[in-house]
Amino acid sequence: MEFAPAYPLLYRALKPLFPGCLWSGATTDRTIALTFDDGPHPHYTPQLLAVLEHYSVTASFFWLGQCVQRSPITARTVYEQGHWLGLHGYDHQAFSSLSATALKQTLARTQAEIAQACQVSPAAIRDVRPPNGFFTPRTLALLQQWQYRSVMWSVVPEDWVRPGVTTVVQRVLEQVEPGSIIVLHDGYHGGADVTATVAQLIPLLMAQNYRFVTIDELWQGHYP
């Protein structure tokens, strides 16, 4: 069963309830963020990078620690091409099901994998998107206590169920607005279509005068 029609409703309902999260950026200009979850993938991510490079688009990647461990060279390439990096947990376990100790460990372990692959400080990777978007107020309080930044979404075309490239592109175009955070996937679920999706999507969004920025840039505009 697809839940794509529910995501815009969830976004509008949850955003005012949890203002400490980044759900979208400022609406004063036509900036949007392309974000990718569940990678890096040894085949899908390099193909995606080629499209991003072709259009000079900088994106944000929320990584699984085990995928970084499997594909450190791909991870390093993403970083070297200037994309923003965030955490998605080590193995996609729902944060809400983890103890505080286990949650802290999955984030620290993922930071360590990224730090080793990309030769960066673990402390520099502090944006977190919960797997499947599942969280509780306790989860968010712990992330804030540990000085992580919680990143959510405003446009979720449910690409991981592979409804078809045309459908995913259409869903994004119907929902996008200034400040949107678009969630796509370059991992084992949805990643097979991500390059074709982005190759269609980017020029269409550029034709609407949207400018692509990173999650960090949206934070700066979100909290001046």
Query - Spacing of the two label points (7 Å from each Cα toward its C-beta) at Ala207 and His189, in nm - result: 3.3
**Report entry** Sulfur and carbon atoms: percent of accessible area, segment 141-201 [1.4 Å]
**Finding:** 46
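Where nothing but the Cβ of Lys and Arg (+1) and of Asp and Glu (-1) is charged, how large is the charge dipole of the chain around its Cα centre, in debye to the nearest 20?
I would put it at about 520 debye.
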Query raised in the report: What 222 nm value per residue comes from the helices of the chain, counting each DSSP H run with n ≥ 4 as -39,500 (n - 2.57) and dividing by all residues, nearest 500 deg cm²/dmol?
Result: -13500 deg cm²/dmol
Report summary line: Expressed as a percent, the accessible surface of segment 1-49 that is carbon or sulfur, using a 1.4 Å probe and the full set of protein chains, is 66
**Report entry** Coordinate range along principal axes, alpha carbons of segment 5-51, Å, largest first
**Finding:** 38, 25, 23
Report task. Can you work out the PRE-style zone for Ala4? Point 7 Å along Cα to Cβ, and I want the residues of segment 175-202 with backbone N under 18 Å. Result -> 175-177, 181-187, 189-202
Requested in this report: Starting from the Cα-Cα distance between Arg126 and His43, subtract it from 0.36 nm times their residue separation and give me the gain in nm to one decimal.
Outcome: 27.3 nm
Query raised in the report: Roughly how many Å² of Ile73 are accessible to a 1.4 Å probe, to the nearest 10?
Result: 140
Query raised in the report: For the pair Thr27 and Ile73, how long in nm is the line joining their label points, each one 7 Å along Cα→Cβ?
Result: 4.6
Query raised in the report: From the square roots a ≥ b ≥ c of the eigenvalues of the alpha-carbon gyration tensor of the chain, which class results: rounded (a/c under 1.5), prolate (a/b over b/c), or oblate?
Result: rounded
Report summary line: For segment 120-181 the chymotrypsin sites (Phe, Trp or Tyr not before Pro) that pass both the DSSP coil test and the at-most-14 other-Cβ-within-10 Å test are Phe134, Trp146
**Report entry** Computed lengthening from Val161 to Phe134, 0.36 nm per intervening residue step minus Cα-Cα distance
**Finding:** 8.0 nm
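Whole number in Å², please: accessible area per residue of the chain, 1.4 Å probe, ligands, DNA and RNA not counted.
I get 45 Å² per residue for this part.
The values are calculated or read from the model by the stated rules, or taken from the named source; none is laboratory data. Keep in mind that what you see is a predicted model, and the values were worked out from it rather than measured. No Cβ is skipped: glycine too gets one built from the backbone with ideal geometry, and neighbour counts run over all protein chains shown. Ligands, DNA and RNA are excluded from the accessible area calculation, which covers all protein heavy atoms including side chains. Shrake-Rupley method; radii C 1.70, N 1.55, O 1.52, S 1.80 Å.
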